[in-house]
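The values are calculated or read from the model by the stated rules, or taken from the named source; none is laboratory data. All of these numbers come straight from a predicted model, not from anything done at the bench. FYI the Cβ positions are ideal-geometry reconstructions off the backbone, even for glycines, and counts take in every protein chain you see.
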Amino acid sequence: MDRAWWDAYGDEAEEVFAGERVAPIQVRQARRVRLVQTANSGAGAIALALHLGASSVVLLGYDSQVRAGRAHWHADHPAGLGNAGSVAKWPGQFRQLAAQLGGMEVVNCSRETALEMFPRGDLVEALGDRMKPPLIVDGMLGLGDNLHQRALVRRLMARHDVWLKTPWPSVYADLQAEGLRLVPVETKLRTQAKNAKREVARYDGVPPADVPRRRVWYSPQTVRARGGFLRAQCDADDVGPSDFALPVPQAWIDRARAWLGPVDRPVMLYRPLVERGEWSGCAIRNPDVQTYARLARLAGERFHVVSVADCEPRKEWIVSPDVPAARVAHAGELPFEVLAGLAALAGLVFCSPGFMLVLAQAVGARLCAVFGGHESARLYDHGDARHLFIEPARPCECFDKSHKCDKTIDIDRAEARLRSFLDVHHPQPGVGHDLAETV
């Protein structure tokens with residue numbers, strides 16, 4: 001096909017064109033490929049797309065007819081080169097090609113065409129996602145905020161080609177497969193910077209210049225008014241757990257199982273109370289440390305307890321009393337993928353407000369969260385019966401690091417509620433649970 005064209009222009013193409021040159025015939029200037037249909041160049045282009053693995057093709061300018069005495073949109077080729085002398089045969093050649101395309105979709109968006117074997121379509125509709133305007137999203141830094149942020153990102157991806165700045169690439173693994181682009185973010189926050197470095201290979205490079213940007217943020221006033229962090233972040237009321245749900249890949253669950261080793265009881269993923277030098281709000285946000293440990297010990301009697309934290313001397317440290325644990329990972333050694341796998345496997349996630357609470361909701365785990373000051377349970381409550389929230393008698397939504405919130409919890413009532421919750425979901429230690437919980 002088109003040997004005369006290669007003879008006339010092949011050397012020039014070899015000199016000025018830096019891309020790959022292919023042809024269905026043997027010519028010096030191109031790599032030979034064997035295609036299912038090479039009767040005309042238009043059919044050959046579709047056949048090449050099939051050869052290269054395309055799943056869909058949009059045709060533009062495939063009129064395949066002589067109109068107003070013209071065979072091309074441009075002037076005729078010079079003497080020695082063909083000028084669509086066999087155009088009457090082309091529809092039959094395309095029909096033969098269509099029968100060989102298997103599952104590849106071809107949509108003909110040409111304004112005028114003699115080719116009726118391919119469905120007609122509108123160019124804008126056919127290009128679909130490819131025509132979405134780009135948007136750079138300056139995302140939040142906290143892991144819990146990033147899990148909630150999945151809901152907003154999903155919504156933005158319906159209208160934009162989104163480039164998201166985040167230190168938590170793995171949180172968006174599924175959305176990245178759907179076209180989300182991830183951009184590294186500079187941060188001095190210890191855990192975030194450490195994770196971004198660990199996952200550097202997951203980033204997609206530099207976003208386009210001079211495109212609109214959106215910053216993700218919320219204020220305490222918006223959280224209170226909207227009735228929750230998720231709704232405040234999305235600036236919408238019609239969002240819930242399904243919108244930020246995180247599908248945990250089997251590979252992550254397998255990694256969590258391998259780290260755990262064999263266990264004979266359901267797993268309780270436990271988050272001890274910590275304080276951090278880089279954020280002074282931990283002390284006011286944490287529940288009373290003695291009450292928290294007492295409830296955790298009560299729950300832990302029925303489970304294989306796994307305690308996780310990211311401690312470092314003088315930077316982050318545990319402040320709650322010890323809770324017996326079968327496995328301990330307190331040096332931040334577990335990557336997010338394994339944490340998500342553990343949460344998905346767990347019979348119970350026991351924690352205070354923070355990323356672990358949101359992670360449990362995102363993966364659909366059973367949850368017990370104990371509150372202190374700073375915020376209340378209603379800001380996380382989505383009405384799921386698998387979630388138990390234990391609050392002080394006077395919940396506070398001050399969002400104030402210096403406020404002296406009353407953290408007093410009716411411990412007898414709290415213990416009774418926790419026992420009742422566990423009796424429903426774990427009536428006897430190690431009995432009546434599927435292997436996803438007992439590993």
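Annotations
- Residue that is loosely packed, with under 12 Cβ neighbours inside 10 Å, closer than 21 Å to Thr113 by Cα and out of contact with any Leu (no Cβ under 9 Å at 6 or more places or on another chain), where the choices are Ala79, Ala75, Ala84: Ala75
- Exactly one residue among Ser55, Ser64, Ser86, Ser41 is polar (S, T, N, Q) and at positive phi, and that residue is Ser64.
- Listed by position, the strands (runs of 3 or more DSSP E) enclosed by the range 341-427 include none that has at least 3 residues that are more than 28 Å from Arg226 (Cα to Cα).
- Within the range 55-78, tally of residues that are over 49 Å from the mean Cα position of the chain (by Cα) and at pLDDT 75 or above: 6
- Test: Ala114 is more than 28 Å from Gly53 (Cβ to Cβ), at pLDDT 85 or above, of a type outside the set (Lys, Arg) and surrounded by 16 or more Cβ atoms within 10 Å (Cβ to Cβ): yes
- Of all the criteria given as (1) closer than 22 Å to Gln149 by Cα; (2) assigned to a loop (DSSP other than H, G, I, E, B), the one not satisfied by Val338 is (2).
- Summed over the range 155-204, the residues that are surrounded by fewer than 17 Cβ atoms within 10 Å (Cβ to Cβ), touching a residue at least 24 places away in the same chain (Cβ under 8 Å) and over 20 Å from Leu143 (Cβ atoms) give a count of 4.
- Considering Gly144, Gly139, the condition of being modelled with pLDDT of 95 or more and closer than 16 Å to Asp204 by Cβ is satisfied by Gly139 alone.
- Flag if Asp238 is within 20 Å of Gly364 (Cα to Cα), surrounded by fewer than 17 Cβ atoms within 10 Å (Cβ to Cβ) and modelled with pLDDT under 95: yes
- Subset of the range 329-347 [among the hydrophobic types (A, V, I, L, M, F, W, C) and loosely packed, with under 15 Cβ neighbours inside 10 Å]: Ala331
- First in the range 1-28 and under 23 Å from Ala84 (Cβ atoms) and aromatic (Phe, Trp, Tyr), second anywhere and modelled with pLDDT of 70 or more and surrounded by 15 or more Cβ atoms within 10 Å (Cβ to Cβ), Cβ under 6 Å, 6 or more apart: Trp6/Val27
- Some residue of the range 142-160 being of a type outside the set (Ser, Thr, Tyr) and part of a strand (DSSP E or B): no
- Cβ-Cβ contacts under 6 Å between residues 6 or more apart (or on different chains), taken from a first residue in the range 312-331 that is outside any strand (DSSP E or B) to a second residue that is surrounded by fewer than 16 Cβ atoms within 10 Å (Cβ to Cβ) and not acidic (Asp, Glu), are listed as Lys315/Gly277; Val323/Arg297; His330/Cys311.
- Listed by first and then second residue, the pairs with beta-carbon distance under 6 Å, at least 6 apart or on different chains, first residue in the range 230-248 and aliphatic (A, V, I, L, M), second in a loop (DSSP other than H, G, I, E, B) and surrounded by 14 or more Cβ atoms within 10 Å (Cβ to Cβ), are Leu230/Val239; Ala232/Tyr218.
- Here Arg130 clears all of (1) under 18 Å from the mean Cα position of the chain (by Cα); (2) modelled with pLDDT under 95; (3) among the charged types (D, E, K, R) except the condition numbered (1).
- Candidate set from the range 405-437 (those that are in contact with a strand residue (DSSP E or B) (Cβ under 8 Å, 6 or more places away or on another chain) and modelled with pLDDT under 95); member that is farthest from Arg394 (Cα to Cα): Glu437
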